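Every number here is computed from the coordinates shown, using simple stated rules; none is lab data. Keep in mind it's a predicted model, so treat the numbers as computed, not measured. Reconstructed Cβ throughout: ideal geometry from the backbone, glycine too, with neighbour counts over all protein chains shown.
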Amino acid sequence: MASPADATVVWFRDDLRVSDHPALHAARAAGGPLVLLYVFDDSGRAARRLGAASRWWLHHSLTALAASLEKRGAVLTIRRGDPVEVVPAVLRDAKAGHLAFNRRYAVGERAQDEAVAAAVRQQGAEVHDYTGSLLHEPGDVLTGEGERFGVFTPFFRALTRQGEPRSPYPAPAELSGLSHPVATQTIESLGLLPTDFDWTAGLAETWVPGEKGAHQRLDDFLHHRLERYADERDLPAAEASSRLSPSLKFGEVSPYQLWHRVREADASPAVKEKFLTELGWREFDYDLLAGREHLDTENVHRTFDRFPWADPDPRLIRAWQRGRTGYPLVDAGMRQLWHTGWMHNRVRMVTASFLIKNLRIDWRIGERWFWDTLVDADPANNAAQWQWVAGSGADAAPFFRVFNPVTQATKFDPDGEYIRRWVPELRGRQGKALHEPWTSDHTLLDEGGRAYPSPIVDLKASRQAALDAFDRMRH
Ligand code: FAD
């Protein structure tokens, strides 16, 4: 790529790592000095503005990246503003002849990248872009008729038919910066952390953001949990999944690294396939995102535009958000989310189904809450999975599949271990008294002396109302 004397600006985005970073790898191989740049664009123009939990993660992930670069002899240059102006300006300041980045896939992000590339080329520099965050380029995996897939299984089959993903690139031992510094802001100046009230203690006690933390979680998963992943991933108390979703979202670990580490792991082939298939869902959701401008607001199946949602009652929405619906599994999940910024996949499905179907509240309201509170809030996975539960998405669950939170709890948390962990009012309870607390007449109090709520909705009647609404939509 660059001639040895030429400097390259490597633009970091959702790839906050030094290992398996194709743009960094190529820039370093070219031999010139490097400017390592992150631009915080909070305008919401190209990409959705980050939610509060994601901002917390980003602050710490940038801090970890800066430390990792410093250890290798380089500086992370931080800027805030519109990349279309900032990136070409940094190239001019650095007298750099090259810009390198790994591609992003939301429609607005792609448009922004093209505008940045055009501005950079106009000032005489070269642009080099790479595939780093997905195992495939959206648009490269197509049906026999040349269409995008609308169904997961044939998509994944077609993806895997393309062959094993390339091997990951190693982390560079050292990086050479510019001889003259480029102006930088501090990470603190980006204002990513809450200022008035610090609600982030639960996040801090649960997570170590950054590339090192991601690889520690990956090692721990491979050594202690992968073998039971297929059998136990649906059991929220078992904690059998990888918990790598926020690290994939921020690119602290690449899907190539995950793919190969799992392939090489000491576990049965069936377990490995199960895990890699889940990773395939991320690829499928990104394929969907790349083809649509408004996956987070527009139904993939436009019939759902006619769905008769109930009036969004703020009291019901608040009860759901705070984990005070009176249904223990729903409440446990929503409290886990509030406290840790993450929720188990099975419980995400149950809590989303409860909001959409039992409360008949528009999936977009739930999607926005998850967007704000999840540390892994992902433009593709969050929107696509909410639409999956609603029945309006690609390869979605049929609308009439209404998850019953009591049946789901007795099946996937039979001993109530997960529920008791997150709903302290129910700690002394077992069996029916735990799963259906309203059947017992003892008042349950939480640590603050607040009573556990009675159910905010009747499951049977609300299920029927949802099915009737679905019928009205169809006819
Ligand atoms: P693992 O089981 O260890 O899976 C490994 C990786 O595969 C995950 O990190 C993720 O990248 C991918 N993956 C796993 N399951 C899915 C899935 N169903 N769909 C797409 N990718 C998957 N995932 C997000 O990353 N961000 C979100 O914002 C998000 N919102 C969701 C909202 C709803 C309503 C639902 C039902 C699911 C959502 N998911 C989301 C998908 C899934 O719940 C999480 O990816 C998973 O729980 C993350 O935990 P893990 O890393 O331990 O997963």
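Pairs over the 26 Å Cα-Cα cut-off, from the set LYS212/LYS272; LYS212/LYS249; LYS249/LYS357: LYS249/LYS357.
Reported to the nearest whole Å, the Cα centre-to-centre distance from region 297-359 to region 140-191 is 31. If only the Cβ of Lys and Arg carry +1 and only the Cβ of Asp and Glu carry -1, the dipole of the chain around its Cα centre is close to 600 debye.
Across region 355-364, computed HN-Hα scalar couplings (Karplus, 6.51 cos²θ - 1.76 cosθ + 1.60, θ = phi - 60°) run 5, 6, 9, 6, 9, 6, 9, 3, 4, 5 Hz from first to last residue, x flagging Gly and Pro. Entry for region 7-133 at q = 0.12, 0.16, 0.18, 0.19 Å⁻¹: log10 I(q)/I(0) = -0.41, -0.76, -0.99, -1.11, Debye formula applied to identical alpha-carbon scatterers, no solvent contribution.
What separates the Cα centres of region 422-462 and region 394-421 is a distance of 17 Å. With the cut-off at 1.5 for a/c, could you classify region 305-397 from its C-alpha gyration tensor as rounded, prolate or oblate? It is oblate, given that a/c is not under 1.5 and a/b is not larger than b/c. Compute the Rg/Rh shape ratio of the chain: radius of gyration over Kirkwood radius, all on alpha-carbon atoms. Reported Rg/Rh, Kirkwood definition of Rh: 0.99.
Once the Cα gyration tensor of region 185-299 is found, what semi-axes does its equivalent ellipsoid get, as square roots of 5 times the eigenvalues, in whole Å, sorted largest first? Each step should come with its number before you reach the end.
Values: eigenvalues 156, 88, 43 Å².
Square roots of five times the eigenvalues give 28, 21, 15 Å.
Show that you can apply the helix-only estimate: for the chain, add -39,500 (n - 2.57) for every DSSP H stretch of four or more residues, divide by all residues, and state [θ] at 222 nm to the nearest 500. Could you put the intermediate results ahead of the total?
Numbers: 20 runs with 218 residues, N = 475.
So the helix-based figure for the chain works out to -14000 deg cm²/dmol.
Gyration tensor over the Cα atoms of region 302-474: the corresponding equivalent ellipsoid has semi-axes (square roots of 5 times the eigenvalues, largest first) of 27, 18, 14 Å.
Computed from backbone phi, the HN-Hα couplings of region 10-15 come to 9, 9, 7, 9, 9, 8 Hz, rounded to whole numbers (Karplus: 6.51 cos²θ - 1.76 cosθ + 1.60, θ = phi - 60°; Gly and Pro given as x).
Using a simple spin-label model with pseudo-atoms 7 Å out from Cα toward Cβ, GLU114 and GLU147 lie 2.4 nm apart. For region 302-474, a simple Cβ point-charge model (Lys and Arg +1, Asp and Glu -1, everything else neutral) yields a dipole of about 220 debye relative to the Cα centre.
Of the residues PHE412, PHE370, PHE284, the one with the fewest other Cβ atoms within 10 Å heads the list, and the complete ranking is PHE412, PHE370, PHE284. Projecting the Cα atoms of ALA270, HIS59, PRO209 onto the charge dipole of the chain (Cβ charges, centred on the Cα centre) puts ALA270 farthest toward the positive pole. Between 0 and 90 degrees, the angle of helix 107-122 with respect to the longest Cα principal axis of the chain falls at about 10 degrees. Taking all C-alpha pairs of region 241-372, those more than 19 Å from each other amount to 60 percent.
With a simple spin-label model that places each label point 7 Å from the Cα along the Cα-to-Cβ direction, the separation between GLU239 and ASP93 comes to 4.3 nm.
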